[in-house]
There are 2 protein chains.
Amino acid sequence: MGLVVQKYGGSSVADAEGIKRVAKRIVEAKKNGNQVVVVVSAMGDTTDELIDLAEQVSPMPAGREFDMLLTAGERISMALLAMAIKNLGHEAQSFTGSQAGVITDSVHNKARIIDVTPGRIRTALDEGNIAIVAGFQGVSQDKKDITTLGRGGSDTTAVALAAALDAEVCEIYTDVDGVFTADPRVVKKAKKIDWISFEDMLELAASGSKVLLHRCVEYARRYNIPIHVRSSFSGLQGTWVSSEPIGDKKVEQAIISGVAHDTSEAKITVVGVPDKPGEAAAIFRTIADAEINIDMVVQNVSAASTGLTDISFTLPKTEGRKAIDALEKNRAGIGFDSLRYDDQIGKISLVGAGMKTNPGVTAAFFEALSDAGVNIELISTSEIRISVVTRADDVPEAVRAVHTAFGLDSDSDEAVVYGGTGR
Amino acid sequence: MGLVVQKYGGSSVADAEGIKRVAKRIVEAKKNGNQVVVVVSAMGDTTDELIDLAEQVSPMPAGREFDMLLTAGERISMALLAMAIKNLGHEAQSFTGSQAGVITDSVHNKARIIDVTPGRIRTALDEGNIAIVAGFQGVSQDKKDITTLGRGGSDTTAVALAAALDAEVCEIYTDVDGVFTADPRVVKKAKKIDWISFEDMLELAASGSKVLLHRCVEYARRYNIPIHVRSSFSGLQGTWVSSEPIGDKKVEQAIISGVAHDTSEAKITVVGVPDKPGEAAAIFRTIADAEINIDMVVQNVSAASTGLTDISFTLPKTEGRKAIDALEKNRAGIGFDSLRYDDQIGKISLVGAGMKTNPGVTAAFFEALSDAGVNIELISTSEIRISVVTRADDVPEAVRAVHTAFGLDSDSDEAVVYGGTGR
């Protein structure tokens with residue numbers, strides 16, 4: 001008998017009908033001879049409603065109390081889901097993150113899982129129950145306070161439980177059919193990916209793909225837990241994310257997995273920085289001290305006549321104000337002429353392990369952008385990813401152009417042909 | 001420095017404004033030099049909304065999951081209340097029933113508190129925090145499952161915590177000014193009672209007074225915790241419930257504390273029962289096996305000619321169907337002619353420790369009902385209470401008549417005069 005962990009997001013359990021539909025699907029998995037552990041998010045807009053209440057009561061809600069508040073959301077959905085399953089004649093028990101043994105650090109609102117001790121889940125399973133576990137939450141190791149894992153935390157709960165219980169697979173149910181070669185809202189011809197490696201999925205997640213969060217994939221890779229991303233509304237096979245293709249299916253690794261984009265970042269350019277050792281360090285120490293994560297960094301070649309250079313970097317728009325303030329405050333220490341802030345940028349990334357051994361990929365990528373008349377402002381690459389920054393307005397056209405150029409469009413078989421050419 | 005436990009009901013924290021108002025009041029108590037523990041119910045209609053959701057998902061929700069669901073309500077209100085207090089510049093921490101050490105038996109939906117181990121509350125207080133505790137909930141001793149205490153459970157939580165923490169007083173905040181000599185919605189001239197003994201309060205609660213539940217008063221009496229019932233909307237002194245009048249106030253115990261009424265019961269008459277030993281036992285064993293609590297019992301004198309008698313008893317209307325079914329099922333075993341069911345009854349009770357030593361009270365009670373033209377169907381008495389069953393339609397008039405006859409009306413001082421006469 002296999003052990004399966006299933007995770008259902010808020011849109012899958014948005015109302016009583018959704019909960020009943022999900023209950024049926026869970027019971028199917030149980031009937032197929034599996035032990036089933038289900039991780040569930042809060043219903044639909046519950047979390048947003050609770051945040052709204054908190055803001056009415058206090059402009060700066062305390063982290064500990066905020067977590068206590070938000071965790072009420074999963075408590076409601078998990079209890080209802082257990083009831084719905086029992087109503088179908090199967091035994092089910094719901095467990096809070098704390099009861100399920102999800103142990104975290106004490107960083108409220110974005111805690112990290114440091115251990116999972118699922119003794120009660122194991123017992124419930126051995127007694128024939130389906131175990132329903134609240135996603136997104138845990139209990140802090142030192143203070144025994146309730147914590148939440150931050151955005152996308154339920155996926156991480158599911159993967160962490162799957163690892164601790166040695167599950168065969170972690171199924172992430174969502175409102176789309178799987179991971180696509182590009183965002184289907186932007187690229188109508190985007191194709192569902194049948195299988196993708198952890199590495200490529202990590203790069204896609206880091207480059208703006210919203211289906212799985214980076215942290216969740218990282219966890220799955222570390223413990224080698226296959227993830228199956230699929231729709232809770234259809235019975236279709238979704239996307240498998242794993243180290244190797246699963247089972248007897250021969251899935252050829254595509255050279256290019258997909259095109260991701262991200263318009264949530266802004267660009268800051270520090271103008272007129274003396275071109276001498278330690279300057280970049282002073283800038284990025286200032287940013288790091290303000291607890292801001294940056295993404296891409298580019299330094300222009302110094303103009304010989306002035307001995308001054310410009311340094312540009314990208315960061316989440318939400319952190320823009322804080323970064324500018326921190327730099328201005330330390331202007332004397334760093335020494336620069338001025339700051340430029342630009343939040344009208346977008347990033348397009350091409351991801352695929354195949355590009356390591358296919359030197360033509362980079363050239364083809366730039367040609368596609370050039371043919372589409374898209375101007376490139378910054379470039380950054382890893383072994384299996386190329387990213388460029390463009391004007392935000394150019395992003396949709398750029399994504400479509402690259403998607404087509406690499407043969408990813410769904411009504412052609414270019415992807416396979418392309419893979420075969422070794423370009 | 002004193003320790004005060006305050007309990008706020010759902011109507012006091014119905015919305016963000018209510019929560020902020022309550023937070024101010026709590027901070028006042030803290031500023032007055034007290035250590036403050038607050039027990040809070042779910043906001044306004046939250047519990048009803050959750051019950052509604054459960055019914056949409058399952059016609060017979062499982063007890064364990066139902067409790068898990070309902071306890072989300074207090075989780076929301078307690079976290080918001082802690083945030084609101086912190087926003088006023090005072091330290092506060094919220095605790096679930098489980099975290100607060102409220103240990104119960106395993107009877108879901110109506111668990112009983114069997115122990116309170118408030119170590120975390122004590123620590124929080126010693127560190128200068130106001131402790132906010134979820135009412136109505138606990139954790140089962142054997143299975144470590146979340147339980148709820150049933151209707152009015154938050155009051156019991158408050159009293160139990162007050163006992164475990166050796167509090168000076170347990171303040172129960174509600175939407176009325178205190179305990180009245182009769183239901184003010186029925187008797188416009190009902191007076192607020194300044195002080196009432198545990199014993200009289202127990203009888204009032206058992207007779208239909210809704211302000212405090214029987215179980216809560218029982219708990220307070222056992223541990224001798226003074227209760228102060230008062231309004232969260234006004235700053236007025238409310239009603240003190242204790243073994244002796246509190247402090248230096250000389251409060252003379254009234255002969256009659258008040259008049260309670262109850263229209264939530266029905267009457268079942270078992271007709272044509274053989275008048276021989278064991279018959280009543282067979283009936284009430286049947287009822288007890290169906291887990292139905294009954295209230296009053298009356299057996300008519302046997303008619304000598306037939307050797308048959310009738311036995312009547314009252315019980316909650318909500319249990320009527322179940323009782324009839326249980327009796328019909330056991331008809332052969334008990335041996336009776338027929339059953340009569342009547343849910344158009346009401347009960348009026350006069351409560352006061354003074355009636356023990358004032359034999360005129362019973363006579364005056366019946367005279368008042370007779371003068372008001374109210375017909376009496378059943379009578380039951382304890383040392384400090386007389387109750388009668390009448391037609392439900394007669395209840396308001398009967399309550400007013402008795403209230404006036406015993407000098408309880410607020411614009412006269414009859415109560416004191418009456419008390420002085422020794423009647």
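When the other protein chains are added to the chain by itself, burial of at least 20 square angstrom of heavy-atom accessible area (probe 1.4 Å, ligands and nucleic acids ignored) affects these residues of segment B:106-149: B:120, B:144, B:146.
Looking at chain B only, what percent of DSSP beta bridges run antiparallel? Nearest 5 please. Approximately 60 percent, going by the DSSP bridge assignments. Sorted from closest to farthest, the other copies place their residue B:297 label points 8.5 nm away, with each point set 7 Å from Cα along Cα→Cβ. Restriction of the GluC sites (Glu not before Pro) in segment A:122-210 to DSSP coil positions whose beta-carbon has at most 11 other beta-carbons within 10 angstrom yields A:127. Pairs with C-alpha atoms separated by more than 30 Å, drawn from the list B:192/B:322; B:191/B:356; A:143/A:347; A:7/A:144, are B:192/B:322; A:143/A:347. Within the protein assembly as shown, antiparallel bridges make up roughly 60 percent of the DSSP beta bridges whose residues both belong there. Bridge orientation summary for segment A:3-175: considering DSSP beta bridges with both residues in this region, about 20 percent are antiparallel.
Applying 0.36 nm per residue to the separation of residue B:288 and residue B:382 and subtracting their alpha-carbon distance, the gain on full extension is 31.6 nm. Relative contact order, whole percent, for chain A stands at 13, derived from Cα pairs under 8 Å and 6 or more residues apart. Solvent-accessible area of residue A:169, all protein chains in place: 10 Å² (probe radius 1.4 Å, heavy atoms, ligands and nucleic acids excluded). Normalised per residue, the accessible area of chain B is 42 Å², obtained with a 1.4 Å probe and no contribution from ligands, DNA or RNA.
Label points for residue A:48 are taken 7 Å from Cα along Cα→Cβ. From this copy to the others they lie 2.7 nm apart, shortest first. Taking 1.567 mPa s as the viscosity and 4 °C as the temperature, the Stokes-Einstein diffusion coefficient of chain A based on its alpha-carbon Kirkwood radius rounds to 56 µm²/s.
Summarising the overall dimensions of the protein assembly as shown from its C-alpha atoms, the Rg and Dmax are 34.9, 129 angstrom.
Dividing the summed -39500 (n - 2.57) terms of all DSSP H runs of n ≥ 4 by the residue count of chain A sets its mean residue ellipticity at 222 nm at -10500 deg cm²/dmol.
Residue B:366: accessible area at probe 1.4 Å, nearest 10 Å²? Number for this one is 50 Å². Over segment A:345-421, the pair-distance histogram of Cα-Cα distances with 10 Å bins from zero comes to 19, 54, 26, 2 percent, rounded to whole numbers. Taking the axis that rotates chain A onto chain B, the chain A residue nearest to it by Cβ, with the distance rounded to whole Å, is A:72, 2.
In this simple spin-label approximation, residue A:343 and residue B:322 carry label points 7 Å from Cα along the Cα→Cβ vector, and these lie 5.9 nm apart. Partners of residue B:276 within straight-line reach, counting lysines whose Cα lies under 22 Å from its Cα and excluding those fewer than 8 residues away in the same chain: B:329. At 1.4 Å probe size, with the rest of the protein present, what percent of the exposed accessible area of segment A:3-175 is carbon and sulfur atoms? Exposed carbon and sulfur together represent 45 percent of the surface.
Between chain A and chain B, roughly 3300 Å² of accessible surface gets buried, counting both sides and using a 1.4 Å probe. With its label point put 7 Å out from Cα toward Cβ, residue A:370 sits 11.4 nm from the same residue's point in the other copies, in order from shortest. For the pair segment A:60-92 / segment B:206-280, the C-alpha centres are spaced 36 Å from each other. Taking only the C-alpha atoms of segment A:3-175, Rg followed by Dmax gives 15.2, 50 Å.
For segment A:345-421, carbon and sulfur atoms together expose 49% of the accessible surface, with a 1.4 angstrom probe and every protein chain in place.
The values are calculated or read from the model by the stated rules, or taken from the named source; none is laboratory data. None of these values were measured; they are calculated from a predicted model. All Cβ positions, glycine included, derive from the backbone under ideal geometry; neighbour counts span all protein chains shown. What goes into the accessible areas is simple: the full protein's heavy atoms, side chains included, and nothing from ligands, DNA or RNA. Shrake-Rupley method; radii C 1.70, N 1.55, O 1.52, S 1.80 Å.
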